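Every read-out reported here was derived from the displayed coordinates using simple, explicitly stated rules and does not represent laboratory data. Everything quoted here is computed from the prediction, not taken from an experiment. For neighbour counting, all protein chains shown are included, and Cβ atoms are generated from backbone atoms with ideal geometry for every residue, glycine included.
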Amino acid sequence: MKHNLLITIVIIMLFCSFQLKAQEAVFVGTILNASDSIALEGVHIINKSSNIGVVSKTNGSFSIMASPNDTLIISSVGFSTYNHVINKSYFNVYLHRRTYNLENFTVLPYKDYEEFKEAFTQLRIQENPNPINKSIYVPKEELLAAYQEANGGIIISGGISVILGAFNKYVQDKKNYLKLLEQDKKQAAIDEKLNSILLMRITPINDVETAEYFLTYCDFSNYFILNASEFDLHKEIHICYDEFSRYVINN
């Protein structure tokens with residue numbers, strides 16, 4: 001009796017599996033610009049249910065395995081992300097240009113006021129009532145040549161050493177400043193690709209606090225964020241969200 005019951009359960013499970021598999025089909029769509037109906041190439045399309053993704057072709061078309069009522073997440077740089085629920089075997093999707101609203105800001109050559117204040121203090125030139133001492137005057141070319149060889153062991157005393165020291169500090173300060181600018185540029189690129197607004201747009205998360213906690217939970221590396229394509233980034237976000245919802249949100 002138990003053996004017959006087990007066989008019956010297996011048959012029912014296989015039948016349900018075949019039924020679900022039978023619902024899957026190839027759906028074909030075309031991605032168009034909403035403003036002029038021009039086909040869009042390279043748009044990422046992800047099936048939220050299966051995490052299967054494809055990219056639109058030159059003529060904007062794509063095909064993807066899905067079931068009726070599956071949700072497709074459609075995204076492209078410069079356009080607003082669109083969630084499309086499948087209800088037809090062939091359909092068009094119109095993407096709208098994304099509008100970026102930036103806060104007003106002032107561009108300065110320094111990271112902050114304290115850095116500007118320090119640089120300004122160091123570069124202040126005091127008037128010298130005494131005439132230039134001709135004995136310490138050297139042409140610019142010679143001064144630069146001496147600076148380039150300074151790390152090779154050349155020691156220059158007197159007024160020239162003071163000039164070289166100031167010149168060396170200026171070069172080092174400039175390197176530090178450029179390094180800070182590069183770090184800021186890198187962080188801005190990371191924040192542009194992965195932020196709370198993006199998470200709330202492509203996942204069920206609907207508040208900034210949860211989105212910030214989700215970012216901490218996933219802990220994507222800066223290298224991955226900067227080098228991953230939009231498709232790969234969105235895919236990893238959805239994979240991490242499935243785990244996040246099971247172990248954090250539902251507990």
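Quick notes
- Full-extension gain in nm, ALA34 to THR216, via 0.36 nm per residue minus C-alpha separation: 62.0 nm
- Greater than 24 Å apart at Cα, pairs in LYS48/LYS186; LYS57/LYS235; LYS179/LYS235; LYS48/LYS193: LYS48/LYS186; LYS179/LYS235
- Diffusion of segment 32-105 by Stokes-Einstein, at 20 °C in a medium of 1.002 mPa s and with Rh set to the Kirkwood radius over alpha-carbon pairs, works out to 164 µm²/s.
- Distances between every pair of Cα atoms in segment 194-249, grouped in 5 Å steps from 0 to the bin holding the largest one, split as 4, 20, 35, 27, 12, 3 percent.
- From most to least packed by mean Cβ count within 10 Å, the peptides 239-247, 219-227 give 239-247, 219-227.
- Net charge contributed by nearby residues that have their C-beta within less than 13 Å of CYS218 (K/R +1, D/E -1): -4
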